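The values are calculated or read from the model by the stated rules, or taken from the named source; none is laboratory data. Not measured: the values here are computed from a predicted model. Neighbour counts are summed over all protein chains in view; Cβ atoms, including those assigned to glycine, are modelled from backbone coordinates with ideal geometry.
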């Protein structure tokens, strides 16, 4: 296996006259989490379908786990696991039966299948519900069972297409913990998500897809540094103190209702110290000081022109 678990070059896909993937390029290092972000219709799910051999590309090349997805599709399938947008569990079977079904269907020969099923039930805290029909499971439990089924055969690369959509905050954080554990075990995770906070917390690298093109790639911090807007927020106790500070600090944005000044800067200790010295020189003090930096919401809006509410598929 190469240092890159996934290598994509010039990937193209169109449906009729609509170009969904317009020659995109990226690489995913082994043992990391890579997140693909984009607004509705950007092509995230199409990219997953192509990379997992579920759909043929119109052009370009893709290697997954060192194998070409066209000429070595079977080898690719043996190396990957896929969790789609909706939990693919059989509601007429119990949790244990769902896992056993995946063992029986796996293209990889699995030794000690009963132990494998038992370990997965324990890992995903489904032991007590193992003999219950999946139709009785909550959304979070179904998602955990779905991911457990994906891990049958111990895939080296896992594709998670919006795995936490519709989950409550507690279930979502449980899934985050499981994903981190997978990566710490050396698994590569390819994640699409509608939650920017999720990408920020989990991804080692992020690519932003818009209108079929990758408009940015990098670590979460690298993407945030692309967007201006870091500032220091000063909140004062009285309107008189705010007025006096506004006269002293040039270039600050004033909010009379909140009694705050927004001072542009890099957020570093040197500039912050200079700002406090400036206040002190005029016998002024703020009741509250905080440094604000752009988040992935700001990045997403700046790069795609869409608010995050539109980012959901």
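Assorted remarks:
- Scanning segment 44-80 for residues being within 18 Å of residue 203 (Cβ to Cβ) and buried (at least 21 other Cβ atoms within 10 Å of the Cβ) gives a total of 4.
- On the stretch given as segment 249-293, residues that are farther than 19 Å from residue 227 by Cβ, out of contact with any strand residue (DSSP E or B) (no Cβ under 8 Å at 6 or more places or on another chain) and part of a loop (DSSP other than H, G, I, E, B) total 7.
- Within segment 1-32, the set of residues being free of Cβ contacts under 8 Å to residues at least 60 places away in the same chain and under 18 Å from residue 68 (Cβ atoms) comprises 3, 4, 7, 8, 9, 10, 11, 12, 13, 27.
- Residues of segment 157-197 that turn out to be closer than 11 Å to residue 32 by Cα and in contact with a strand residue (DSSP E or B) (Cβ under 9 Å, 6 or more places away or on another chain), as a count: 11
- Taking the criterion of being exposed (fewer than 14 other Cβ atoms within 10 Å of the Cβ), assigned to a helix (DSSP H, G or I) and in contact (Cβ under 8 Å) with a residue 12 or more places away in the chain, the only residue of segment 123-138 that qualifies is 135.
- In segment 222-266, the qualifying residues are those that are modelled with pLDDT of 90 or more and under 29 Å from residue 29 (Cβ atoms), and the one that is farthest from the chain's Cα centre (by Cα) is 222.
- Any hit, segment 161-178, residues being assigned to a strand (DSSP E or B) and assigned by TED's automatic domain parsing to the domain that holds residue 12: yes
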